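What follows is calculated from the coordinates using simple rules that are stated; it is not laboratory data. It should be emphasised that the depicted structure is a prediction, and the values quoted were computed from it without experimental measurement. Glycine gets a Cβ as well: all are built from the backbone with ideal geometry, and neighbour counts include every protein chain shown.
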Amino acid sequence: MIIIGEKINGTRKQVAQAIRNRDADFIRQLAQRQFESGASYLDINAGTLPQREPEDMVWLVENVQEAVPEAVLSLDSANKVTLQAGIEKAAKTPMLNSLSGEKFRIEGVLPLACEFGTELVVLALDDNGIPKTSEGRVDIVRRLVEMTRKGGLPDEKLFVDPLVMAISTGTENGNITLETCRKLLGEFPRVHLTCGLSNISFGMPLRPILNQAFMVLAIHAGMDSAIVNPEERKLRGIMMAAETLVGKDRHCMNFNRAFRAGKIGPRMDS
């Protein structure tokens, strides 16, 4: 499972404060903890006002890649100027988060992804919003994949997000996401599938339990990536167990190695 760490996000109060105060130690420690917990990509979202967002993105990129140079950065913004500033500062080619069927993203994000050959998160929505059906979402992705192919991006660089909607607003929302996953892989077998996993439980009690259950279902439907908090130890263990049980962990080696290293299961010091 490709884990994209979600915590360096300026919409979070502590992160916003760290950006405002230029608290480099806080950002670096946050990056290190996520990477050490299994995130190979780190999402970076400054979430600040448009006029200062490019500068804040550059500052975040500098500190995150200094803390964890091995990680791939996922630059998260709808602002073309912000994304370009982050790309130019990144030591290795980053992922861009994200392209959708919205006109301003097609005109802003897509050219950058094609020019720099980045990996790219693709959202199943357009100027009309998020379709209520799996067919509508696949249709949007189909149009976007046609554009990325024309721009020279191979399908394996795409991380398609079928969009997870909260079950508190519709009890079929989980099923629609899973159905979309299966249809996307049937049509585009080389793309990755990712999602903001915790969206499924928004507005519900016992959110961790719902997130863990949905993770198992999503992996069975073909999801191979998720934007999550990698420090959630139980979620990480269930993720690895699910991959093992559906045959995605050859000889169960990843699961056994993680257990021996103390990364899943009961804590060794408890």
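Suppose we take every Cα in the chain and form the convex hull; what volume per residue is that in Å³?
Working: hull volume 36.1 nm³, N = 270.
About 134 Å³ per residue, rounded to a whole number.
Would you list which lysines come within 30 Å of Lys234, measuring only between C-alpha atoms, while excluding same-chain residues fewer than 8 positions from it?
Correct list for Lys234: Lys7, Lys13, Lys157, Lys183, Lys248, Lys263.
Need one word for region 150-230: rounded, prolate or oblate. Basis is the Cα gyration tensor (sqrt eigenvalues a ≥ b ≥ c); a/c below 1.5 gives rounded, then a/b vs b/c decides.
It is prolate, given that a/c is not under 1.5 and a/b is the larger ratio.
Of the peptides 61-69, 198-206, how do they stack up when ordered by the mean number of other Cβ atoms within 10 Å, highest first?
The most tightly packed comes first, giving 61-69, 198-206.
Tell me, what HN-Hα J-couplings in whole Hz come from the Karplus equation 6.51 cos²θ - 1.76 cosθ + 1.60 at θ = phi - 60° for each residue of region 157-167, using x for Gly and Pro?
Running phi through 6.51 cos²θ - 1.76 cosθ + 1.60 with θ = phi - 60° gives 8, 9, 10, 7, 9, x, 6, 8, 9, 5, 5 Hz.
In what order do Leu193, Leu153 fall by count of nearby beta-carbon atoms within 10 Å, going from fewest to most?
Leu153, Leu193
Please tell me the relative contact order of the chain in percent, rounded to the nearest whole number, where contacts are Cα pairs under 8 Å and at least six residues apart.
RCO, the chain: 15 percent.
Under 5 Å between amide hydrogens, which residues at least 5 positions from Ser225 or on another chain qualify, with H placed 1.01 Å from N in the peptide plane?
Sorted by chain and number, the residues that satisfy this are Ile2, Leu193.
Tell me, what ³J(HN,Hα) does each residue in region 246-257 have, in order and in whole Hz, if you take phi through Karplus 6.51 cos²θ - 1.76 cosθ + 1.60 with θ = phi - 60° and put x for Gly and Pro?
Values, residue by residue: 9, x, 9, 10, 4, 6, 6, 5, 4, 4, 5, 5 Hz.
Going through region 70-136, which GluC sites (Glu not before Pro) have at most 16 other Cβ atoms within 10 Å and a DSSP loop state? Mind showing how you got there, number by number?
On the way: sites: Glu70, Glu88, Glu102, Glu107, Glu115, Glu119, Glu135; in loops: Glu70, Glu102.
Of the GluC sites (Glu not before Pro), the ones in loops of region 70-136 whose Cβ has at most 16 other Cβ atoms within 10 Å are Glu70.
Per DSSP helix of 4 or more residues, -39500 (n - 2.57); summed, then divided by the residues of the chain. What does that give at 222 nm, rounded to the nearest 500?
-15000 deg cm²/dmol
Write down the percent of antiparallel bridges among all DSSP beta bridges whose residues are both part of region 73-225, to the nearest 5.
5 percent
Across the Cα atoms of region 1-92, what radius of gyration and what greatest pairwise Cα-Cα distance (Dmax) are found, in Å?
11.7, 36
When the Karplus curve 6.51 cos²θ - 1.76 cosθ + 1.60 is applied with θ = phi - 60°, which whole-Hz ³J(HN,Hα) does each residue of region 85-100 get, with x for Gly and Pro?
4, x, 4, 5, 8, 5, 6, 10, 4, x, 8, 10, 10, 6, 9, 9
Need one word for region 155-200: rounded, prolate or oblate. Basis is the Cα gyration tensor (sqrt eigenvalues a ≥ b ≥ c); a/c below 1.5 gives rounded, then a/b vs b/c decides.
oblate
Please identify which residues in region 152-177 have an amide N closer than 11 Å to a label point set 7 Å out from the Cα of Arg190, following the Cα→Cβ vector.
153-158
Compute the Cα gyration tensor for region 117-270, then decide on rounded, prolate or oblate, letting a ≥ b ≥ c be the square roots of its eigenvalues: rounded whenever a/c is under 1.5, prolate when a/b is larger than b/c in the other cases, and oblate in all that remain.
Oblate, since a/c reaches 1.5 and b/c is not below a/b.
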